[in-house]
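Here the structure comes first, spelled out in structure tokens, and everything after it is commentary.
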Amino acid sequence: MLVLAALVGTAPTIVRAQDSAKVQLEASRRRLQEIRAERERLRQQQERLSGQVHDVNDEIDNLERQRNATSRLVGEIDRQIGGLASQLDRTSAELILAQDNLAERRAVLERRLTEIYKRGDLYTWQALLAAEGFSNLLSRYKYLYLTSRQDRTILVDVERLRNRVGRQRDDLLGVRTELDRRRIEREAELKRYDELAGERGRRLESLQRSQAATERRLTALARDETRLTGALANLERVRRDEATRATARGAAPTKGTVSTADIGTLDWPVQGTLVYRFGRDTLPSGGVIRWNGVGIAAASGTPVKAVEGGTVGLAGNFGTYGLTIVISHGDGFYSVYSYLQNPVVRVGETVTRGQIIAQVGGQSSDYGPHLHFEIRGRNQAALDPTEWLRRR
């Protein structure tokens, strides 16, 4: 009976410890869900980044945040594994204690059953009938009553301990299953961590490799831009010299075909979506550039039309701009068409508004087939083409 009392006395402490462990485990599960939600948000952000033109550093930072989130996941799972391991130890100790107590109570019960069997079914009546007096009869009855209560208590204790052992075995199996699942989950998260670390490393290597290429690309664009601007300056110088000589001969000045009155009225040289706009932009490789025109996506071979009448001033290859045609509209205004193929006009030829001058090329460019289009004003100033073209 003392063993059972000790077991009953420790039961509230055990229950409190188990409840505390469950509360901590539930809190840890909530933290895991929050971290997983954060990592999923970062993963979705990464997918959006991978489909956009952006600074590569943004993607690397995203991968780093995903890696940190995975590291926190692993840490949280490690804490859960530690808590489950402690719970497993406690449950195992409690099961051993309950099994020992059950074995003791069963041994007592077996001895009592053996004694009852040996005495036979009539033992109770024999004991009562053998009483020498009324007081002796009461004493014998009380003894038999107390013995019966003790036997019933032993039987109830055995049943209770047996049920408790069964529950603790189920708890032990559940904790072991949960522990195994957490360990498998931890391995998966560690693998994911390694994958993210590897992906981040590859992106860093790719960024480092592309930095030099991007710098060369920007340098080439700047060089070709300077070359184009110089060519436009030469065209404008020649035009002014011719205008001066014509004035000296008494000829009436030629009126230009483009002026500020044409803002928002010029036809589009080709129909398509804008892949980059006038002004500051970021290249697919991550470099920052300032475009002097716009990029209009169109299928390779699409006819390119002059936005206004004028004279072909230049037609040739300008490095990164590819085949380029420049049309002079007079009064210092020029339209520039780059990334062309199959030109159908020559330098010095007069073109009319809407006349086909070439086809869309640029298949090997960063943006695929498209037309690079510029409008230059006086002193070769780059103007935003979208302000001059018709609203769509």
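The values are calculated or read from the model by the stated rules, or taken from the named source; none is laboratory data. Source: prediction; values computed, not measured. Counting neighbours? That spans all protein chains shown, and the Cβs are built from the backbone with ideal geometry, glycine included.
Assorted remarks:
- In summary, T124 fulfils each of the numbered conditions (1) exposed (fewer than 13 other Cβ atoms within 10 Å of the Cβ); (2) more than 60 Å from the chain's Cα centre (by Cα); (3) of a type outside the set (F, W, Y) with the single exception of condition (1).
- Residues of region 206-214 include none that is among the β-branched types (V, I, T), over 28 Å from the mean Cα position of the chain (by Cα) and either part of a helix (DSSP H, G or I) or modelled with pLDDT of 85 or more (or both).
- So W268, is it surrounded by 14 or more Cβ atoms within 10 Å (Cβ to Cβ) and touching a Gly at 6+ places or on another chain (Cβ under 9 Å): no
- Scope region 293-350; condition hydrophobic (A, V, I, L, M, F, W, C), part of a strand (DSSP E or B) and closer than 14 Å to L371 by Cα; matching residues: V294, I296, A297, V304, L323, I325, V326, V336, L340
- Answer residue from region 351-392, given it is at positive phi and assigned to a helix (DSSP H, G or I) and is nearest to the chain's Cα centre (by Cα) among those: Q380
- For region 339-350, the criterion of a residue being of a type in the set (A, V, I, L, M), touching a helix residue (DSSP H, G or I) at 6+ places or on another chain (Cβ under 8 Å) and crowded, with 16+ Cβ neighbours inside 10 Å is satisfied by no position.
- Among the residues of this structure, V165 counts as one that is assigned to a helix (DSSP H, G or I) and more than 39 Å from the chain's Cα centre (by Cα).
- Flag if A306 is in contact with a Gly (Cβ under 6 Å, 6 or more places away or on another chain), surrounded by 14 or more Cβ atoms within 10 Å (Cβ to Cβ) and in the same structural domain as L371 (by TED's automatic domain parsing): no
- Taken together, Q359, Q363, Q355 contain a single residue that is surrounded by fewer than 20 Cβ atoms within 10 Å (Cβ to Cβ), without any contact (Cβ under 8 Å) to a residue 60 or more places away in the chain and either touching a Ser or Thr at 6+ places or on another chain (Cβ under 7 Å) or more than 17 Å from R217 (Cβ to Cβ) (or both), which is Q355.
- Options Q126, Q99, Q87: the member that is part of a helix (DSSP H, G or I) and closer than 30 Å to E187 by Cβ: Q87
- Only listed residue being more than 21 Å from A381 (Cβ to Cβ) and modelled with pLDDT of 90 or more, chosen from G293, G310, G316, G286: G316
Residues checked against (1) buried (at least 16 other Cβ atoms within 10 Å of the Cβ); (2) closer than 21 Å to Q33 by Cβ; (3) not assigned by TED's automatic domain parsing to the domain that holds G75:
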position	(1), (2), (3)
L144	no, no, no
T147	no, no, no
R152	no, no, no
V156	no, no, no
Q168	yes, no, no
L172	yes, no, no
R181	no, yes, no
E187	no, yes, no
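- Residue within region 282-291 that is over 26 Å from L218 (Cα atoms), in contact (Cβ under 8 Å) with a residue 60 or more places away in the chain and not small (G, A, S) present: no
- Take the conditions (1) touching a residue at least 24 places away in the same chain (Cβ under 8 Å); (2) out of contact with any Ser or Thr (no Cβ under 9 Å at 6 or more places or on another chain); (3) of a type in the set (A, V, I, L, M); A127 misses just one of them, which is (1).
- Within the set A27, A107, the sole residue that is modelled with pLDDT under 80, out of contact with any Leu (no Cβ under 7 Å at 6 or more places or on another chain) and either not β-branched (V, I, T) or not in a helix (DSSP H, G or I) (or both) turns out to be A27.
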